[in-house]
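If you scroll down you'll find the structure; I have some questions about it.
The values are calculated or read from the model by the stated rules, or taken from the named source; none is laboratory data. Everything quoted here is computed from the prediction, not taken from an experiment. With ideal geometry, Cβ positions are generated from the backbone for all residues, glycine too; neighbour counts draw on all protein chains shown. Just the protein is used for accessible areas: all its heavy atoms, side chains included, with ligands, DNA and RNA removed. Shrake-Rupley method; radii C 1.70, N 1.55, O 1.52, S 1.80 Å.
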Amino acid sequence: MNRIIFSSVFIILFLNAFSAFAQHPGDPGENAPGGVEVSIPSEDISIYGLLYRPKKLDKNLPGVVIVHGWAPYNSSPIEEYSYVAKEYSDAGYVALAITMRGWKPTGGKDDCGLKQPRDVVSAAKWLSKQRGVDPDKIALRGQSLGGQVVLSAAALSSTIKTTAAYFPITDFRLWGVTTNHNQLVKDDYIYGMCTAEGTPEDRSPLYVSDKITGSVLLLHGENDKNVVIAHSKLIYQKMLESKQDVTLYVAKGGGHGSGGPGWENHNEVVYKYFQEKMGVVNKGKHNDK
């Protein structure tokens with residue numbers, strides 16, 4: 001099959017089957033207001049981000065890095081997640097939304113969770129040094145591929161105090177045999193570009209979860225067919241056996257993506273968890289997107 005045509009089919013299938021990014025409340029091409037553009041060095045690339053600070057910043061506050069899920073490569077997923085970061089800043093956090101390698105404006109190639117965790121660690125360490133940020137209270141929040149990446153990042157650095165991972169891929173081999181993706185997607189992505197470097201285990205947080213020193217909140221829809229709930233249950237059980245600080249929230253009737261049945265109060269769950277682990281200035285207003 002012609003590669004250009006195949007790639008187009010791949011993008012359409014992936015967008016329909018695996019899209020887990022937040023709804024965009026603004027106009028296309030528009031980021032949430034108030035963000036400051038930043039560039040964060042990370043190994044061979046610079047990570048593009050948008051930094052949001054609360055209007056009142058009279059003491060050091062917790063910081064949170066917001067990591068998007070998979071999106072078509074010709075899109076800019078930070079647009080959607082800038083609104084999530086804005087909500088967190090309204091709730092009393094210094095929030096940083098980043099674009100992972102593989103997506104614009106950061107650029108580079110998506111490596112399916114191989115180098116991307118180290119990029120997130122770079123972003124977290126950078127955030128910990130910014131004005132108004134408590135360096136001992138750094139959180140990560142990621143969805144789907146982003147959930148996979150933030151869990152792996154949490155295993156790489158003690159800078160991370162707590163992590164919220166939505167429907168994360170925790171075992172890459174398991175994902176390949178349980179996902180409901182079309183075979184074209186599996187062949188092109190899971191068994192294609194994601195095998196170019198490293199092994200499935202190298203990009204699976206399940207195998208490094210014992211190195212996570214911070215607390216972890218896993219959120220997963222019980223009816224998720226893209227990334228089955230077994231991913232979260234496996235890492236949850238392993239961390240429990242290691243006597244680590246881990247919590248599993250099951251969205252009853254929920255599927256892949258943090259919208260629809262079962263996901264109505266997911267933001268409240270994460271806010272409460274982060275408040276317990278780090279504290280916040282105020283809860284603020286937010287939408288459960």
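Scan region 31-49 and tell me whether some residue there is among the hydroxyl-bearing types (Ser, Thr, Tyr), part of a helix (DSSP H, G or I) and at pLDDT 95 or above. Please lay out each step first, then the result.
Taking region 31-49 first, the residues among the hydroxyl-bearing types (Ser, Thr, Tyr) are 39, 42, 46, 48.
Narrowing the set further to residues that are part of a helix (DSSP H, G or I) leaves none.
So far as region 31-49 goes, no, none of its residues is among the hydroxyl-bearing types (Ser, Thr, Tyr), part of a helix (DSSP H, G or I) and at pLDDT 95 or above.
Next up: Is there any pair with a first residue in region 253-268 that is within 10 Å of ASP224 (Cβ to Cβ) and open to solvent by 30 Å² or more (accessible area, probe 1.4 Å) and a second that is hydrophobic (A, V, I, L, M, F, W, C) and part of a loop (DSSP other than H, G, I, E, B) whose Cβ atoms are under 8 Å apart and which are 6 or more apart or on different chains, and what are they?
Correct list of pairs: HIS256/ALA20; HIS256/PHE167; HIS256/VAL227.
Further question on the same structure: Among the residues that make up region 45-52, is at least one of them open to solvent by less than 10 Å² (accessible area, probe 1.4 Å) and of a type in the set (Val, Ile, Thr)?
Within region 45-52 (the criterion being open to solvent by less than 10 Å² (accessible area, probe 1.4 Å) and of a type in the set (Val, Ile, Thr)), the answer is yes, since at least one residue qualifies.
Something else now. Just checking, which of LEU206, LEU174, LEU219, LEU248 is outside any loop (DSSP other than H, G, I, E, B), in contact with a Ser or Thr (Cβ under 7 Å, 6 or more places away or on another chain), at pLDDT 95 or above and crowded, with 18+ Cβ neighbours inside 10 Å?
Working: LEU174 fails: in contact with a Ser or Thr (Cβ under 7 Å, 6 or more places away or on another chain); LEU219 fails: in contact with a Ser or Thr (Cβ under 7 Å, 6 or more places away or on another chain); LEU248 fails: crowded, with 18+ Cβ neighbours inside 10 Å.
Just a single option satisfies the conditions, and that option is LEU206.
Within region 76-101, can you find the residues that are of a type in the set (Lys, Arg) and not in a helix (DSSP H, G or I)?
Within region 76-101, ARG101 is the sole residue that qualifies.
Six or more apart or on different chains, Cβ atoms under 7 Å: show the pairs whose first residue is in region 200-211 and among the hydroxyl-bearing types (Ser, Thr, Tyr) and whose second is surrounded by 15 or more Cβ atoms within 10 Å (Cβ to Cβ).
Here the result reads SER204/THR170; SER204/ASP171; SER204/PHE172; SER209/ALA155; SER209/ILE235; SER209/LYS238; SER209/MET239, each pair linking region 200-211 to a residue that is surrounded by 15 or more Cβ atoms within 10 Å (Cβ to Cβ).
Please enumerate the residues belonging to region 251-263 that are at negative phi and either aliphatic (A, V, I, L, M) or modelled with pLDDT of 95 or more (or both).
Across region 251-263, the qualifying residues are ALA251, LYS252, GLY254, GLY255, HIS256, TRP263.
For PRO62, indicate whether it is surrounded by 15 or more Cβ atoms within 10 Å (Cβ to Cβ) and modelled with pLDDT of 85 or more.
Answer is yes for this residue.
Rundown of residues vs (1) of a type in the set (Ser, Thr, Tyr); (2) more than 20 Å from PHE274 (Cβ to Cβ); (3) open to solvent by less than 10 Å² (accessible area, probe 1.4 Å), yes/no style:
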{"residue": "GLY69", "(1), (2), (3)": "no, no, yes"}
{"residue": "GLU87", "(1), (2), (3)": "no, no, no"}
{"residue": "ASP90", "(1), (2), (3)": "no, no, no"}
{"residue": "THR99", "(1), (2), (3)": "yes, yes, yes"}
{"residue": "GLY108", "(1), (2), (3)": "no, yes, no"}
{"residue": "GLN143", "(1), (2), (3)": "no, no, yes"}
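Please specify each residue of region 177-203 satisfying the condition of being part of a helix (DSSP H, G or I) and among the hydrophobic types (A, V, I, L, M, F, W, C).
Quick first cut of region 177-203, residues part of a helix (DSSP H, G or I) only: 177-178, 183-190, 193-195, 201-203.
Listed by number, the residues that qualify are VAL177, LEU184, VAL185, ILE190, MET193, CYS194.
Sort out which residues of region 177-203 are surrounded by 16 or more Cβ atoms within 10 Å (Cβ to Cβ), within 30 Å of SER158 (Cβ to Cβ) and of a type in the set (Ser, Thr, Tyr), and write them in order of number.
Scanning region 177-203 gives no hits.
Please find, among SER158, SER152, the residue that is in a loop (DSSP other than H, G, I, E, B) and modelled with pLDDT of 95 or more.
None of the other options fit; the residue is SER158.
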